[in-house]
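Working notes, beginning with the structure itself.
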Amino acid sequence: MSRLQIDVRCEGEMPLGQYLRKYAGISAQMIKRLKAVPDGMTRNGQHMRTVDPVLSGDVILLHLPENCGHTPNPELHVPVVYESAQILVCDKPAGMQVHPSMLHRADTLANWFAAQYPECGFHLVNRLDRNTSGLCVIAKTSYAAHQLRGGVEKRYYALVANGLHGSGTVDAPIARAQASVITRCVRADGRPAVTHYRVIREAPCCTLLELTLETGRTHQIRVHMAHIGYPLLGDALYGGDCSRIEAHALHCGAVTLTDPANREQVTLHAPLRAEMQALLEEEDGTT
C-alpha cells in the first residue's frame, strides 16, 4: 500500500471523484480500486466518498493498493540514481533482464525491486533490453505510471565502428523478422520508427553516438544502426563486431521527466559502463 497526497486547487466545491479524474490524473479504474480499500480516500483522517465535496485548500490522502508481485531477491544490487515517493530511477547493469522469464526467474530488476520495495508496485516506464545498461524509470504506483506515460525524454549512447560523421536521422519502419520471435528488421510493412543520431566522439577504434528516439520499437536503435551499415559493437544479433566487447554497446545515459510526487522537472545522468568507456580510451585498434 502506498500513499499519495492531493492538494486540492479548484474554484468552488466539486465532488471528490470528479476532481480526482479531471484535475489529479486519477483514472476511473484506480478510483474504483480506491473505493474498495478501507479508508482508501481520506481528508484529515476521515473517510471520504467520491460524491463528497472538496474545496480548494483541502488535502486528500489516497491509499493506493499496490503490490510488486515478484519474488524478492535481496542478493541483487542495483545503483539508485533518484528516488521520490512516486518513482525510482536506477542504473541497470548490462546482463540483467527487467522482468522474470523461464531462464531468468529470480535475477531480474523486478526481483531486486521486490526485495527493496515490497509494498510498492513495479511499473516499468522505460524498458531496456537485457544487455542494454543505464537508466530505468520505475513508477511505484499506477498513478505515477499513468502520469509519466509518454513524458520521459531519454538519451542513449552507443559505440559503432569508425566512419560515421556528423548527425542524421534514420526513418525506416521496423517489423518482426520472419520465423523469429526476437529479431527485428527494416521492412516496408513494419511500424513507423524514427531514430536521430549525433557523433559526439571519434576515438581511435570506435565512434561514440548520442541517440534520441521519436518512437519506441523493439531493438529500434540496434536495427536502425545496422540498417545504415553501422551495427553496434558487441551486437552479435545484428552483425556488430564482438571482438572487444561481449554485450552490445548501448547505454541509456540521460532521462528528463516531471516527478509526479512534486511536479518538479528533473534531469538525471548515468556514466557509460566501464567496458564501453574502456573501448573509448583504447589508443588504437590493436590494444
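The values are calculated or read from the model by the stated rules, or taken from the named source; none is laboratory data. Since we're looking at a predicted model, the values are computed, not measured. Cβ sites come from the backbone with ideal geometry, for glycine too, and all protein chains shown count toward neighbours.
Quick notes on this one:
- Tally of residues being farther than 17 Å from ARG3 by Cβ and either without any contact (Cβ under 8 Å) to a residue 24 or more places away in the chain or among the hydrophobic types (A, V, I, L, M, F, W, C) (or both) across the stretch 123-144: 7
- Here the strands (runs of 3 or more DSSP E) wholly within the stretch 173-248 that include at least 1 residues being over 25 Å from PRO93 (Cβ atoms) and within 25 Å of the chain's Cα centre (by Cα) are 174-176, 184-186, 194-202.
- Hey, TYR82 hydroxyl-bearing (Ser, Thr, Tyr), surrounded by fewer than 22 Cβ atoms within 10 Å (Cβ to Cβ) and under 25 Å from LEU213 (Cα atoms) or not: yes
- The single condition among (1) in the same structural domain as ALA158 (by TED's automatic domain parsing); (2) touching a residue at least 12 places away in the same chain (Cβ under 8 Å) that VAL266 does not satisfy is (1).
- Screening the stretch 168-213 for residues that are of a type in the set (A, V, I, L, M) and within 17 Å of GLY234 (Cβ to Cβ) and picking the one that is surrounded by the most Cβ atoms within 10 Å (Cβ to Cβ) gives LEU209.
- Applying the condition of being part of a loop (DSSP other than H, G, I, E, B) and modelled with pLDDT under 95 to the stretch 108-123 and asking which residue is nearest to the chain's Cα centre (by Cα) yields PHE122.
- Residue that is farthest from GLY17 (Cα to Cα), among those in the stretch 28-75 that are of a type in the set (A, V, I, L, M, F, W, C) and out of contact with any strand residue (DSSP E or B) (no Cβ under 7 Å at 6 or more places or on another chain): CYS68
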